[in-house]
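**Student:** Okay, handing you the structure first.
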Amino acid sequence: MKFRLKIWLHAGSLLLTSQLFSQQDNWDVYMARYEKGPGTTVVNMTIRKTAPAVNFPFLFSAGVKFTNCTNDGLPVATEFDNLNRISDSIISAVNRLVKNILVGTFTYQCERRDYFYVPDTIGLRQQIIDVLSKNFPNYIPAFNVKPDKDWAAYLEFLYPNEETMNYMQNEKVLIQLQKAGDKLEKERQVDHWIYFKTEADRECFLLRAIQDHFKVESKTTEVALPLPFKLQISRIDKIDQQTINAITLQLRQEAKKCNGEYDGWETFVIK
C-alpha cells in the first residue's frame with residue numbers, strides 16, 4: 001500500500017544516470033512516502049500515451065537488495081554508482097534476450113528494481129540471475145514476474161498520481177524562478193491556463209473561479225485543439241511550494257469537474 005503524503009522531486013535525481021534510458025522518451029523522477037518509508041521512482045512518462053501495449057502483457061521487474069542503505073531504506077551516496085552499473089547490466093541483458101518496454105525503476109526499503117513489460121518471460125528470470133550472480137555476487141537478486149495485461153504496475157504504481165504530478169510540475173517552475181534569483185517570498189500576480197471542450201464547460205469553471213476571486217485575463221478559442229476553449233485567469237498569491245501546490249491542485253480538480261484540463265501557471269521573477 002502506498003501513501004503519497006509528501007513528495008520531493010529533486011532528491012532522486014541521482015538515479016537518472018543510466019545511459020541506457022532512451023533519449024527519445026521523457027523520463028522523470030520523484031520521491032514519495034509509502035507505508036514503510038520513502039521510495040524513489042524513475043518513470044517513463046512518454047509510454048503513458050500508448051499504455052497498455054497489448055503485445056507486452058507480462059511484467060518483469062528485476063534488481064537487487066543492497067545493504068549500503070540509510071535508515072529510511074534509500075541508498076547511501078557511495079552506493080549510487082554500483083546500483084547504476086547493476087541497472088545497466090540488467091537492461092542490456094533484457095534487451096539481448098527479449099523484446100521489451102522499459103517503463104521505470106523503483107527504489108524502496110534497500111531494494112532497487114527495473115520494470116519492464118515483455119511478450120513472455122520464459123527463462124528470463126534465470127538468465128538475469130546468472131548475469132547478476134556473475135557480475136555482482138555481493139548482491140541478492142530481487143524479482144517480480146507476473147501477468148499484467150492492463151499495465152497496472154505502470155499506470156497505478158509507477159506513474160505519478162494527480163497530487164504527485166501537480167507537485168512535480170510546480171517544482172520545475174519554482175526551480176527556474178530560484179535559478180533566476182527569486183526567493184519565492186513575495187506575493188505577485190500568478191497566471192493560470194485551463195482548456196475546455198465546450199464554451200459551456202468553460203463558463204462552468206469560470207463561475208467557480210470568480211467565486212475564488214480569480215480575474216479573467218483572456219477567453220479565446222483555438223479550433224484546432226482537442227480542447228479549443230481556452231481560459232487565462234490570474235490572482236495575487238504567494239508562490240511558496242505549499243501555497244502553489246494547494247492552489248494548482250484545487251484548480252486541476254475544479255477543471256475536471258467542468259470537463260476541462262488545467263495546463264499550468266507562470267509568473268514573473270522578483271529579486
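**Student:** Does segment 215-236 include one or more residues that are touching a strand residue (DSSP E or B) at 6+ places or on another chain (Cβ under 7 Å), charged (D, E, K, R) and exposed (fewer than 13 other Cβ atoms within 10 Å of the Cβ)?
**Tutor:** yes
Let's see how each residue does on (1) among the hydrophobic types (A, V, I, L, M, F, W, C); (2) farther than 24 Å from Glu171 by Cβ; (3) surrounded by fewer than 21 Cβ atoms within 10 Å (Cβ to Cβ); (4) in contact (Cβ under 8 Å) with a residue 24 or more places away in the chain:
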| residue | (1), (2), (3), (4) |
| --- | --- |
| Glu35 | no, no, yes, yes |
| Thr46 | no, no, yes, no |
| Thr70 | no, no, yes, no |
| Gly73 | no, no, yes, yes |
| Thr78 | no, yes, yes, no |
| Ile86 | yes, yes, no, yes |
| Val94 | yes, yes, no, yes |
| Gln109 | no, yes, yes, yes |
| Tyr115 | no, no, no, yes |
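**Student:** Return the residue satisfying two criteria in turn: it lies in segment 30-78 and is basic (Lys, Arg) and part of a strand (DSSP E or B), and of such residues it is nearest to Tyr139 (Cα to Cα).
**Tutor:** That would be Lys65.
Condition check ((1) in the same structural domain as Asp150 (by TED's automatic domain parsing); (2) modelled with pLDDT under 95; (3) under 17 Å from the mean Cα position of the chain (by Cα); (4) aromatic (Phe, Trp, Tyr)) across all residues:
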{"position": "Gln23", "(1), (2), (3), (4)": "yes, yes, yes, no"}
{"position": "Ala32", "(1), (2), (3), (4)": "yes, yes, yes, no"}
{"position": "Ile47", "(1), (2), (3), (4)": "yes, yes, yes, no"}
{"position": "Lys65", "(1), (2), (3), (4)": "yes, no, no, no"}
{"position": "Asp72", "(1), (2), (3), (4)": "yes, yes, no, no"}
{"position": "Phe80", "(1), (2), (3), (4)": "yes, yes, no, yes"}
{"position": "Leu83", "(1), (2), (3), (4)": "yes, no, no, no"}
{"position": "Ile90", "(1), (2), (3), (4)": "yes, no, no, no"}
{"position": "Gly104", "(1), (2), (3), (4)": "yes, no, yes, no"}
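**Student:** What is the number of the single condition among (1) closer than 16 Å to Leu174 by Cβ; (2) touching a strand residue (DSSP E or B) at 6+ places or on another chain (Cβ under 9 Å) that Ala246 does not meet?
**Tutor:** (2)
**Student:** Does any residue of segment 123-131 turn out to be more than 25 Å from Asp25 (Cα to Cα) and at pLDDT below 95?
**Tutor:** Looking through segment 123-131, at least one residue is more than 25 Å from Asp25 (Cα to Cα) and at pLDDT below 95.
**Student:** Can you go through Phe229, Phe214 and tell me which one is without any contact (Cβ under 8 Å) to a residue 60 or more places away in the chain, touching an Asp or Glu at 6+ places or on another chain (Cβ under 9 Å) and among the aromatic types (Phe, Trp, Tyr)?
**Tutor:** Going through Phe229, Phe214 in turn, just one is without any contact (Cβ under 8 Å) to a residue 60 or more places away in the chain, touching an Asp or Glu at 6+ places or on another chain (Cβ under 9 Å) and among the aromatic types (Phe, Trp, Tyr): Phe229.
The values are calculated or read from the model by the stated rules, or taken from the named source; none is laboratory data. Not measured: the values here are computed from a predicted model. Reconstructed Cβ throughout: ideal geometry from the backbone, glycine too, with neighbour counts over all protein chains shown.
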